[in-house]
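> Please find one structure pasted underneath; my questions will follow.
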Amino acid sequence: DDEHRINADLMEQREFDYPHSIPGLLACKAAELQGGQDAHWKMFDRIQKAHLVECLNIADFEVLKMCAKDIGLDVEKWEKDYQSEEVFQSLAFDLELARHYGINGVPTLVANRRYGIVGAHKYETLSAWLNKVRSELGLLKP
């Protein structure tokens, strides 16, 4: 990125395997139970920083717990929520919904529950996609 926040050199030096996303997703869902979408996205941002800048193993529960503390969550409650069936089921629902929409990459935008575009795109590409969707839905004026 333009701010050079991704520390590829440090990542290369780490001994752990590249972490998978499920622990971080559960961590964000647990944060969401405490503070809604705001807490979810604060946790997401903190985990991204831990992973890409600090090059920590975000599959390690202690790293995720540190992130929860850093964003001001009640860590004891967060830990119970993280391990709860409610958080697991909430994540399972989200993953099933993503499969239903055919989402297999990040980022993905979905419009009107049936149009999707996967990947990071330039403004012009997104604008053309949105205009196509609007046209097919009869929302564009001739």
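> May I ask you to verify whether Asp9 is out of contact with any strand residue (DSSP E or B) (no Cβ under 8 Å at 6 or more places or on another chain), assigned by the TED database to the domain that holds Leu95, surrounded by 12 or more Cβ atoms within 10 Å (Cβ to Cβ) and not in a loop (DSSP other than H, G, I, E, B)?
When the stated conditions are applied, Asp9 does not pass them.
> Looking at Asp17, Asp60, which one is open to solvent by 30 Å² or more (accessible area, probe 1.4 Å), modelled with pLDDT of 90 or more, out of contact with any Cys (no Cβ under 7 Å at 6 or more places or on another chain) and of a type in the set (D, E, K, R)?
Result of the check over Asp17, Asp60: Asp60.
> Scan the range 83-91 and tell me whether some residue there is surrounded by 18 or more Cβ atoms within 10 Å (Cβ to Cβ) and touching a Gly at 6+ places or on another chain (Cβ under 7 Å).
No, the range 83-91 contains no residue that is surrounded by 18 or more Cβ atoms within 10 Å (Cβ to Cβ) and touching a Gly at 6+ places or on another chain (Cβ under 7 Å).
> Just to check your reading of the model, which residue among Ala30, Ala50 is assigned by the TED database to the domain that holds Phe93, over 20 Å from Ser84 (Cβ atoms) and either modelled with pLDDT of 80 or more or touching a helix residue (DSSP H, G or I) at 6+ places or on another chain (Cβ under 7 Å) (or both)?
Answer to the check: Ala50.
> Another question about this same structure. Against the condition outside the structural domain of Trp129 (by the TED database), in contact with a helix residue (DSSP H, G or I) (Cβ under 6 Å, 6 or more places away or on another chain), surrounded by fewer than 16 Cβ atoms within 10 Å (Cβ to Cβ) and modelled with pLDDT of 95 or more, how does Asp74 come out, does it pass?
For Asp74, the condition - outside the structural domain of Trp129 (by the TED database), in contact with a helix residue (DSSP H, G or I) (Cβ under 6 Å, 6 or more places away or on another chain), surrounded by fewer than 16 Cβ atoms within 10 Å (Cβ to Cβ) and modelled with pLDDT of 95 or more - is not met.
> In the same structural domain as Leu26 (by the TED database), part of a helix (DSSP H, G or I) and open to solvent by 70 Å² or more (accessible area, probe 1.4 Å), is that true of Glu96?
yes
> With respect to the numbered conditions (1) within 20 Å of Ser21 (Cα to Cα); (2) modelled with pLDDT under 90, which one is the sole condition not fulfilled by Val87?
(2)
> In the set Arg134, Arg113, which member is touching a Leu at 6+ places or on another chain (Cβ under 6 Å) and open to solvent by 70 Å² or more (accessible area, probe 1.4 Å)?
Of Arg134, Arg113, the one residue that is touching a Leu at 6+ places or on another chain (Cβ under 6 Å) and open to solvent by 70 Å² or more (accessible area, probe 1.4 Å) is Arg134.
The values are calculated or read from the model by the stated rules, or taken from the named source; none is laboratory data. Keep in mind the model is a prediction, meaning the values are calculated, not measured. Cβ sites come from the backbone with ideal geometry, for glycine too, and all protein chains shown count toward neighbours. Note: areas computed on protein heavy atoms with side chains; ligands, DNA, RNA excluded. Shrake-Rupley method; radii C 1.70, N 1.55, O 1.52, S 1.80 Å.
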